[in-house]
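The values are calculated or read from the model by the stated rules, or taken from the named source; none is laboratory data. In this text, all values refer to a predicted model and were calculated from it rather than measured experimentally. Methodologically, a virtual Cβ is constructed for each residue, glycine included, from the backbone with ideal geometry; neighbour enumeration extends over all protein chains shown.
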Amino acid sequence: MDNPNGAAEPGTPPVSSAQPASPLPAGLRFTSRIVTPIDSDTAAAGDPIEAVLRSPMRDKKNSVVAPAGARLHGRLRQVEQRSGPPDHFVIAVQFESMEINGRNVPLSATSYPPPRRVLEESGFSGRRLLHLDDPWDSATFFFRERHLRLKQLDSDWVTVSAGASKDRK
């Protein structure tokens, strides 16, 4: 919660006063909640999405890089209905920036744990689907639904270097 005096709440670690490097360094883990509703009737690749940090993003020294509630901005890379078995929707998300200390900082991230191979699962719902050709700086999710109406989507991420190779093994 914001303190009107600008001071940190008791027990809350202070946010680093230095402006973060641009872009964010690789290896920072975070959990986000996409808050832009995604409806399969209207959503399309290229649509903007917004998310929030569910907890503070911390660097390797445990300093807060971005506070819980910081806004993340990105795009839907893919919205596709596929015939089965089973029938399902594929949603791919890519973050582009994060608001930190009043600035939009470039953000490249992938799902955590990072994709390493194809994940196959037959009884899926809301699970992550990895393809060998997925970009390294996005995440793909699939849902076993006839009509997709997501009000929010929680997921774990890790920052990657901009332009990082997707061929990591």
What number of residues within the range 30-84 are surrounded by fewer than 14 Cβ atoms within 10 Å (Cβ to Cβ) and of a type in the set (Phe, Trp, Tyr)?
0
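Kindly establish whether PHE142 is surrounded by 14 or more Cβ atoms within 10 Å (Cβ to Cβ), of a type in the set (Phe, Trp, Tyr), under 14 Å from the mean Cα position of the chain (by Cα) and at pLDDT 70 or above. Write out each step before concluding.
On the way: surrounded by 14 or more Cβ atoms within 10 Å (Cβ to Cβ): yes; of a type in the set (Phe, Trp, Tyr): yes; under 14 Å from the mean Cα position of the chain (by Cα): no; at pLDDT 70 or above: yes.
No: the conditions fail for PHE142.
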List the residue pairs whose Cβ atoms are under 6 Å apart, where the first residue sits in the range 156-169 and is within 11 Å of PRO23 (Cβ to Cβ) and at pLDDT 85 or above, the second is assigned to a loop (DSSP other than H, G, I, E, B) and not acidic (Asp, Glu), and the two are 6 or more positions apart or on different chains.
THR159/LEU24; THR159/ALA26; THR159/LEU28; VAL160/ALA26; VAL160/SER108; VAL160/TRP136
From (1) more than 29 Å from ARG149 (Cβ to Cβ); (2) buried (at least 18 other Cβ atoms within 10 Å of the Cβ), pick out the condition that doesn't hold for ILE91.
(1)
Residue selected from the range 63-84 under the condition in contact (Cβ under 8 Å) with a residue 24 or more places away in the chain and in a loop (DSSP other than H, G, I, E, B), by the criterion farthest from SER111 (Cα to Cα):
SER63
